[in-house]
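Undergrad: Please see the structure below; I have some questions.
Quick note: the coordinates plus some simple rules give every number you see, no bench work behind them. These figures come from a predicted structure and were not determined experimentally. Note: ideal-geometry Cβ built from the backbone for every residue, glycine included; neighbour counts use all protein chains shown.
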Amino acid sequence: AGASIGEDGPSQMALEDLAAFRAVHSSIVLYPSDPNQAASLVRIMADHPGIAYMRTHRGATPTIYAPDEPFELGGSKVLRSSDDDQVTLVGAGVTLHEALKAADQLDEQGIAARVIDVYSVKPIDEDTLRQAAAETGAIVTVEDHWPEGGLGDAVLAALAEVEAVRVRKLAVSTMPGSGKPQELLHEVGIDAEAIVAAAQDLVRAAAPSR
């Protein structure tokens with residue numbers, strides 16, 4: 001699902017799927033970023049007594065996790081972290097890969113970025129997100145989905161009681177057309193370039209004025 005479907009166009013993108021299934025009572029919503037993670041999450045789905053939904057992306061992306069990497073319902077994975085982190089990048093599926101690219105680019109600019117894979121969209125890992133908010137003070141969420149009801153809103157709900165955190169939500173805000181996946185990610189503003197710009201804005205806003 002998502003704009004990253006590419007040439008098949010918007011009729012195949014299902015840009016509202018996360019919102020639809022998050023709203024179903026007792027459902028779980030999972031969003032893997034690589035094949036090993038997907039296989040592990042399928043086993044979690046099989047053990048769930050209620051409705052389970054998995055969102056996948058079509059394009060070929062790097063494998064991040066080993067076949068024996070453990071995952072749990074309601075969990076997440078922190079893929080980049082340091083004591084100097086100034087901003088947290090939150091993604092899943094194809095946008096996790098864009099977040100990792102963005103973190104590399106930010107590092108070259110002297111900005112340390114934490115990266116969190118929120119593969120369990122519902123239930124979401126509130127503790128890890130709240131810790132990141134407390135430690136970095138700034139969060140960029142990025143999703144290949146409409147702005148309403150998806151990953152960004154799930155993160156905002158988890159942070160509802162956290163004070164003094166700045167959140168920038170990147171999502172698909174205009175109807176995509178047909179094109180190459182990377183071109184569409186850029187067009188709708190959810191590629192690494194857009195993530196870097198959002199992170200820079202948040203870090204700049206947090207810097208003391210002179």
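Undergrad: Which GluC sites (Glu not before Pro) does region 123-167 hold that lie in a coil by DSSP with at most 15 other beta carbons within 10 Å? Could the numbers behind the result be given before it?
TA: Values: sites: GLU126, GLU135, GLU143, GLU148, GLU161, GLU163; in loops: GLU143, GLU148, GLU161, GLU163.
Passing both the DSSP loop test and the Cβ count: GLU148, GLU161, GLU163.
Undergrad: Oh, and also: Could you check the simple spin-label distance between GLU187 and THR56, using points 7 Å along Cα→Cβ, in nm with one decimal?
TA: 2.5
Undergrad: Let me ask another. Amide H of ASP144: which non-local residues (sequence gap of 5 or more, or other chain) have their own amide H closer than 5 Å, using H built in the peptide plane?
TA: Amide H neighbours of ASP144: THR95.
Undergrad: For a quick check: with amide H placed at 1.01 Å from N, whose amide H comes under 5 Å from GLY177's, ignoring anything fewer than 5 positions away on the same chain?
TA: Result for GLY177 returns nothing.
Undergrad: Something else about it: Would you please put 41-52, 90-101, 23-34 in order of how densely packed they are, using the mean number of other Cβ atoms within 10 angstrom per residue and starting with the highest?
TA: Values: 41-52: 12.8, 90-101: 26.9, 23-34: 19.4.
Peptide ranking by packing, descending: 90-101, 23-34, 41-52.
Undergrad: Would you list which lysines come within 25 Å of LYS180, measuring only between C-alpha atoms, while excluding same-chain residues fewer than 8 positions from it?
TA: LYS101, LYS169
Undergrad: Now for a separate question. Taking amide hydrogens as modeled 1.01 Å from N in the peptide plane, which residues meet the under 5 Å criterion relative to VAL87, leaving out close sequence neighbours?
TA: For VAL87, whose amide H was placed from the backbone, the distant partners under 5 Å are ARG114.
Undergrad: Here's something else I'd like to know. Given the Cα-Cα distance of SER173 and ALA14 and 0.36 nm per residue of separation, how much length would full extension add, in nm?
TA: On the way: separation 159, 0.36 × 159 = 57.24 nm, distance 1.36 nm.
Length gained between SER173 and ALA14: 55.9 nm.
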